[in-house]
Amino acid sequence: MKNVFGGALLFFSAVGFAAAQLPIDPELAAEIAKIKAIDNHAHPVRPFLGGDKDTDYDALPVEVMDPYTEPVRTREGSPLVIQAWRELFDYRYEDRAPEHVKELQERKKQLMKEKGEGYANWVLDQVGIDTMFANRVAMGKGISPPRFLWVPFEDALMYPLNNSSLAAKNSDYKTFYADEERLLKRYLKECGYTTPPVMLDEYLKKVVTSTLERHKRGGAIAVKFEAAYLRSLEFDNTSRAEAMRLYYGSRGTPIPDAAYKKLQDFIFRYIARECGRLGLAVHLHAAAGAGGYFHVAGANPMRLESVLNDPTLRKTNFVMIHGGWPFTREVAALLSKPNAYADFSEQTFMNYPRAVAQAIREWLEYAPEKVLFATDAYPFSEEMYWEEAAWVGATTGRQALGLALTEMMHDGEITRERAMELAHMVLRDNARKLYKWE
Ligand SMILES: [Zn+2]
């Protein structure tokens with residue numbers, strides 16, 4: 001009787017609801033809660049302190065997409081939002097009554113004013129994150145080291161030719177390619193050009209390498225590709241001669257998509273090689289993504305295998321951001337490549353803790369030193385802004401990790417000491433080793 005009644009009560013309490021019945025070892029849970037995490041991937045937004053609104057949190061902002069079916073957890077009206085409000089902003093309600101939401105917005109504004117440039121750091125403190133990797137076009141006031149480390153975008157460099165045929169495929173692509181063209185213009189300008197130089201060699205040296213080196217000098221610890229939003233993750237090994245011919249021969253006029261892809265593939269591998277030389281890890285969105293036109297099969301991390309197997313790219317570390325979902329078992333197999341890593345961001349947002357735990361347990365059983373914690377904190381909507389998303393990602397991530405380690409412990413695979421050690425590795429130590437960063 002007690003249980004049934006308790007269950008019914010919990011149903012009405014957003015906080016109790018989600019916390020209920022996750023069989024995580026209490027000692028392990030306490031330890032995991034204490035560890036100040038390194039967040040391998042997120043999109044924090046600069047606090048609004050007057051002036052221009054921050055638009056640098058993504059190279060391809062997703063709020064402009066065609067309507068599509070969102071997973072239940074992230075839909076408007078998700079109880080997770082209220083939980084996040086209660087935990088972060090002392091929200092006292094269990095509902096979204098307009099007057100309550102208004103009170104919350106006032107509270108947020110007040111906090112931002114009080115904390116000023118320290119607001120984002122304060123958010124990190126609330127969610128137990130020590131350092132957040134900020135995947136942004138540029139850093140800025142209020143989002144700065146040492147709490148935030150920069151991961152800039154390099155996709156734009158892959159599209160120096162006429163993109164009209166690619167952009168014509170659907171309305172999402174139209175926006176995305178326009179975004180990339182705008183960013184390439186910015187990069188060109190920063191290199192002293194208004195249009196891409198005529199010869200590929202000059203483009204590679206004076207634009208691509210220059211941009212990567214400038215990003216490195218600007219504090220980048222890794223670079224990010226959102227390629228899966230634009231094309232397949234299959235980057236073939238195009239010869240230099242063919243790339244030169246394609247680049248030079250197609251000035252201004254669109255070339256067939258398949259031919260253009262070969263050039264993009266060449267540029268991608270060039271960038272990856274340069275990143276190895278510069279000590280920058282390469283982050284790739286490798287998972288299903290937002291939008292009704294997203295090509296899920298094209299984002300299967302197995303498509304990266306020829307890149308991971310390229311001996312000339314073995315000095316480059318690749319991180320499969322979002323850990324390949326739904327192809328998480330494929331990721332486990334790919335972790336056997338010496339330069340392959342994975343984080344479980346996004347999964348912690350779209351999926352429930354048990355599903356995430358199942359996915360990451362296989363990685364933890366296989367190559368635990370290559371598993372990274374991340375939130376993908378992103379300003380998804382007005383009510384699920386980057387702060388709320390950070391809370392959801394951090395909370396679900398810790399629960400999933402706790403569940404996976406508890407199960408491994410119960411099955412006699414690891415000792416309690418090893419479980420504790422693995423928790424520290426996933427939340428902190430693996431990242432510190434990978435990025436050779438103290
Ligand atoms: Zn992201």
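Give the residue from VAL392, ALA167, GLN83 lying farthest towards the positive end of the charge dipole for the chain; charges sit on Cβ (+1 for Lys and Arg, -1 for Asp and Glu) and the dipole is referred to the Cα centre.
ALA167
Convex hull over the alpha-carbon atoms of the range 195-349: what's its volume per residue in Å³?
124
With a 1.4 Å probe and all protein chains kept in place, how do HIS295, HIS285 rank by accessible area, largest first?
Solvent-accessible surface, decreasing: HIS295, HIS285.
Under a 10 Å cutoff between Cα atoms, tell me which one of PRO311, PRO196, PRO353 has the largest fluctuation in the Gaussian network model of the chain.
PRO311
In percent, how large is the relative contact order of the chain, given Cα pairs closer than 8 Å and 6 or more residues apart?
Reported as a whole number, the value is 19 percent.
Which distance in Å, rounded to a whole number, links the C-alpha centroids of the range 68-98 and the range 275-334?
Answer, in whole Å: 32.
How much of the accessible area of the chain, probe 1.4 Å, is carbon plus sulfur, in whole percent?
Using a 1.4 Å probe with all protein chains present, the chain comes out at 55 percent carbon and sulfur.
Go through the range 294-344 and name the trypsin sites (Lys or Arg not before Pro) that are in a DSSP coil and have 15 or fewer other Cβ atoms within 10 Å of their Cβ.
Passing both the DSSP loop test and the Cβ count: ARG314, LYS315.
Under 13 Å from the Cβ of ASP52, count the other residues' Cβ atoms, weight Lys and Arg +1, Asp and Glu -1, and hand me the total.
Around ASP52, the charge tally is +1.
If only Cα atoms are counted, what is the Rg of the range 313-390, and what is its Dmax, in Å?
Radius of gyration, then largest Cα-Cα span, for the range 313-390: 13.4, 42 Å.
Please work out the ratio of the alpha-carbon Rg of the chain to 2.2 N^0.38 Å and round it to two decimals.
0.99
For the pairs LYS36/LYS113; LYS113/LYS206; LYS53/LYS216; LYS109/LYS185; LYS109/LYS433; LYS36/LYS185, note any where the Cα-Cα span goes beyond 31 Å.
In this structure, LYS113/LYS206; LYS109/LYS185; LYS109/LYS433; LYS36/LYS185 exceed 31 Å between Cα atoms.
How much of the calculated P(r) for the range 120-204 lies past 16 Å, in percent of all Cα pairs?
Result for the distance tail: 64 percent.
Can you find, among TYR203, VAL101, MET65, the residue farthest towards the positive end of the dipole of the chain? Put +1 on the C-beta of Lys and Arg, -1 on that of Asp and Glu.
So the residue we want is TYR203.
Treating the beta-carbon of each Lys and Arg as +1 and of each Asp and Glu as -1, no other charges, what is the dipole magnitude of the chain about its Cα centre, to the nearest 20 debye?
Dipole magnitude for the chain comes out near 1220 debye.
Assuming 0.890 mPa s and 25 °C, estimate D for the range 70-214 with Stokes-Einstein, Rh taken as the Kirkwood radius over Cα pairs, in µm²/s.
The estimated diffusion coefficient comes to 129 µm²/s.
Can you put SER250, SER306, SER336 in order of accessible area, largest first, using a 1.4 Å probe?
SER336, SER306, SER250
Could you calculate, for the range 380-438, the ratio of the Cα radius of gyration to the Kirkwood radius, expressed as Rg to Rh?
Here the Rg-to-Rh quotient is 1.12.
Restricting things to alpha carbons, find the Rg to Rh ratio for the range 289-430 using the Kirkwood radius for Rh.
0.98
Using all C-alpha to C-alpha distances in the range 226-266, build P(r) with 10 Å bins and read off the rounded percent in each one.
Distribution as computed: 29, 53, 18 percent.
Determine one quarter of the surface area of the Cα convex hull of the range 273-356, which equals its mean projected area, and express it in nm² to one decimal.
Averaged projected hull area, Cα only: 5.8 nm².
Sorting THR195, THR238 by accessible area (1.4 Å probe), largest first, what list results?
From most accessible down to least: THR195, THR238.
Per residue, how large is the accessible surface of the chain? Use a 1.4 angstrom probe and give square angstrom.
Counting only protein heavy atoms, the per-residue value for the chain is 43 Å².
The values are calculated or read from the model by the stated rules, or taken from the named source; none is laboratory data. It should be emphasised that the depicted structure is a prediction, and the values quoted were computed from it without experimental measurement. Backbone-built Cβ (ideal geometry, glycine too); neighbour counts: all protein chains shown. These area figures cover heavy atoms from the full protein model, side chains too; ligands, DNA and RNA do not enter into them. Shrake-Rupley method; radii C 1.70, N 1.55, O 1.52, S 1.80 Å.
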